[in-house]
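Every read-out reported here was derived from the displayed coordinates using simple, explicitly stated rules and does not represent laboratory data. All values derive from a computational prediction rather than experimental measurement. Methodologically, a virtual Cβ is constructed for each residue, glycine included, from the backbone with ideal geometry; neighbour enumeration extends over all protein chains shown.
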Amino acid sequence: MSSSAQPWPGVIRRYAQFLPVTETTPVVTLLEGNTPLIPVPRFVDAIGGKFDLFLKYEALNPTCSFKDRGMTLAVTKAKERGAKVVVCASTGNTSASAAAYAARAGLRCAVLLPKGKIAFGKLAQALMHGATTISIEGNFDEALRIIRELGETGLVEVVNSINPVRIEGQKTAAFEICDTLGDAPDFHFLPVGNAGNITAYWRGFKEYHAAGLSDTLPKMMGWQAAGAAPIVLGHPVEHPETVATAIRIGNPASWQGATEAVAESEGAIESVTDDEILHAYKLLAQTEGVMAEPASVAPLAGLMKCIAAGRIPAGSLITVTITGHGLKDPDTAIKVSGVTPQTVVAEKQAVLDAIGL
Ligand code: F0G
């Protein structure tokens, strides 16, 4: 590092002027944020696009998902208020992040997870960071209902995105995109589950625009899984199902924020099937070397549909949030890759044969 280089301070210190913090706020950070915006021209060629596409690769946050941006602020504010226990419901990533930041802050953490529907890597994170990990015999929406009730007891600090500071922290991803590109993109694509992130990005893009730090605003394009698409259908889904367990949600908490983002930006929220998700999942991994979890590629599957429908003008600038790392869900990766390692004798010729050389 050259002597003039400033080390990255994490999203709270970098964007303090846009966040509800003061000089004396006890910042709890793992130096999240500052994630790369990766150009993916081979993927664009493979899907027949005529535009520039960049992935905001949020997998490179400390717990490997975008949740760390909101969690640094939620746990910081919990600490500032003197809370002792933080709690959340989660499809996996929020719990991983809450557990890590609570450990960092020296707070207790309890997480409520839908039994059997958590990707293995995420479960490992919650357990390893020492969170009290509770599986409920129900889905995410039921877990979140219980968390709301726990919040009302005053005994715990809720760090789901029903806590407004989560959205505040998450909006910093939109700031970073504008800082890197020099302006907002024409379209921003992202997955929609509990709908906090689409709400956060839209707020971020609007605040940067209002502050004169960007000239344009993107159209917000949100993607739900077809089996868990309440916003697309216009009513809650009682039994949501999708391979993309991160967005297996039937009654999103930030429903209104999502519909406002779409209406104000003249964007859309639509759905993609599990087959479309898994196709995009493998294609991205194999054309670009970028591994995302299934929920994260729902917007890429959506982009492919938009191209087929002629909805993307040539020359557009498009950004997509890759919300979580592919290693979060190794079971799905191994299943979808469709191959198993070959075993051969420990000899050169056997290896050449196996490679086909
Ligand atoms: N992608 C991933 C990888 C997620 O973990 C989530 C949400 C989303 C997309 C959707 O974002 O909820 O803001 O619309 N995961 C939450 C959790 C629900 O508990 O980890 P959203």
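The table below gives the values:
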read-out: Square roots of five times the Cα gyration tensor eigenvalues for the stretch 170-322, Å; value: 24, 19, 13
read-out: Those trypsin sites (Lys or Arg not before Pro) in the stretch 51-92 that DSSP places in a loop and that have at most 16 other beta carbons within 10 Å; value: R81, K84
read-out: Inter-centroid distance (Cα atoms) of the stretch 301-333 relative to the stretch 24-63, Å; value: 12 Å
read-out: Rg over Rh, two decimals, the stretch 40-184 (C-alpha only, Kirkwood Rh); value: 1.05
read-out: Residues with amide H under 5 Å from that of V28, placed H, sequence gap 5 or more; value: T76
read-out: Long-range amide H partners of E293 with built H, under 5 Å; value: G324, H325, G326
read-out: Most positive-pole-ward Cα, I146, Y208, T259, against dipole of the chain from beta carbon charges; value: I146
read-out: Those GluC sites (Glu not before Pro) in the stretch 12-103 that DSSP places in a loop and that have at most 11 other beta carbons within 10 Å; value: E23
read-out: Percent of beta bridges antiparallel (DSSP, the chain, rounded to nearest 5); value: 15 percent
read-out: Reduced Cα scattering model of the stretch 150-196, Debye log10 I(q)/I(0), q = 0.14, 0.26, 0.33 Å⁻¹; value: -0.50, -1.02, -1.15
read-out: Where the Cα pairs of the chain fall when distances are cut into 20 Å bins, in %; value: 31, 57, 12, 0
read-out: Neighbour net charge for L107 - beta-carbon separation under 15 angstrom, K R +1, D E -1; value: +4
read-out: Spin-label pair I136/T216, simplified geometry with 7 Å Cα→Cβ offset, distance in nm; value: 4.3 nm
read-out: Kirkwood-based Rg to Rh ratio, the stretch 1-119, C-alpha trace; value: 1.07
read-out: Sequence-distant residues sharing a close amide H with G138 (under 5 Å, placed H); value: K115
read-out: Neighbour-limited loop hits for trypsin sites (Lys or Arg not before Pro), the stretch 282-331 (at most 14 other Cβ within 10 Å; DSSP other than H, G, I, E, B); value: R311
read-out: Square roots of five times the Cα gyration tensor eigenvalues for the stretch 184-229, Å; value: 24, 11, 5
read-out: Alpha-carbon Rg with Dmax, taken over the stretch 115-250, Å; value: 17.1, 49
